[in-house]
1. Grab the helices (runs of 4 or more DSSP H) fully contained in the range 56-151, keeping just those with 3 or more residues being over 20 Å from Ser30 (Cβ atoms).
2. Residues Ala15, Ala22, Ala41, Ala48: which one is farther than 18 Å from Leu106 by Cβ, touching a His at 6+ places or on another chain (Cβ under 9 Å) and not β-branched (Val, Ile, Thr)?
3. Go through the range 1-31 and report how many residues are open to solvent by 60 Å² or more (accessible area, probe 1.4 Å) and either under 15 Å from Thr70 (Cβ atoms) or in contact with a Cys (Cβ under 7 Å, 6 or more places away or on another chain) (or both).
4. Of all residues in the range 84-98, count the ones that are of a type in the set (A, V, I, L, M, F, W, C) and more than 11 Å from Leu66 (Cα to Cα).
5. Test Thr108 against the stated conditions and say whether it is of a type in the set (Val, Ile, Thr) and either surrounded by 15 or more Cβ atoms within 10 Å (Cβ to Cβ) or touching a residue at least 24 places away in the same chain (Cβ under 8 Å) (or both).
6. Give the residues of the range 32-90 that are crowded, with 23+ Cβ neighbours inside 10 Å and farther than 21 Å from Ala17 by Cα, sorted by residue number.
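The values are calculated or read from the model by the stated rules, or taken from the named source; none is laboratory data. Note that this is a predicted model, so its numbers are computed, not measured. Cβ placement follows ideal geometry from the backbone for every residue including glycine, while neighbour counts extend to all protein chains displayed. For accessibility, only protein heavy atoms count, side chains too; no ligands or nucleic acids. Shrake-Rupley method; radii C 1.70, N 1.55, O 1.52, S 1.80 Å.
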Amino acid sequence: IEYFDQAIARDPSSARARAGLADCYVTLGSWENGTLPPIEAMAKAKDAATKALELDSRLAEAHTSLAYRTTHHDWDWERAEAQFQHAFELNPNYAICHHWYSHFLLATGRTEESLVASRRCLELDPLDLVINIHMAWHYHFARQYDEAVEQ
């Protein structure tokens, strides 16, 4: 957060820095981390992502942050899916979008689709430790325990 704040202070027109800041807050306020109170973290995430989109409406990262926020805070499944799909239209190879979309799919009971999204995420960023752990988590929730252990 400190580094993104510094980047924004140096270049207030940096949409990517604001999207990065949104990612920090949405992650810290999610059920997975719970480091910040969700009401506070999600408000800051929405503000940062909205400002990023005011600067660059085609930034898939900011749309993805909003979609993740909608999934974990608003629980508006229809809007979250539309936000994810819009982000995919802008950048179909954004690994984090596939990662967070898999969370959305799992939350809505679409386990097989979630696994497909998780696998795609891993294809796009095979060395990311979080994504590798995430894949094991998805195998577990899909009751594919041997695959979870292997992952």
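1. On the way: elements: 60-69, 77-90, 95-107, 111-124, 129-141, 145-150.
Output list reads 77-90, 111-124, 145-150.
2. Only one candidate passes the filter, namely Ala41.
3. Counting residues in the range 1-31 that are open to solvent by 60 Å² or more (accessible area, probe 1.4 Å) and either under 15 Å from Thr70 (Cβ atoms) or in contact with a Cys (Cβ under 7 Å, 6 or more places away or on another chain) (or both) gives 3.
4. Taking the range 84-98 and keeping what is of a type in the set (A, V, I, L, M, F, W, C), we get 84, 87-88, 90, 95-97.
If we keep only those that are more than 11 Å from Leu66 (Cα to Cα) as well, we get 88, 90, 95-96.
Looking only at that region, the number is 4.
5. Yes.
6. Thr71, His72, Ala80
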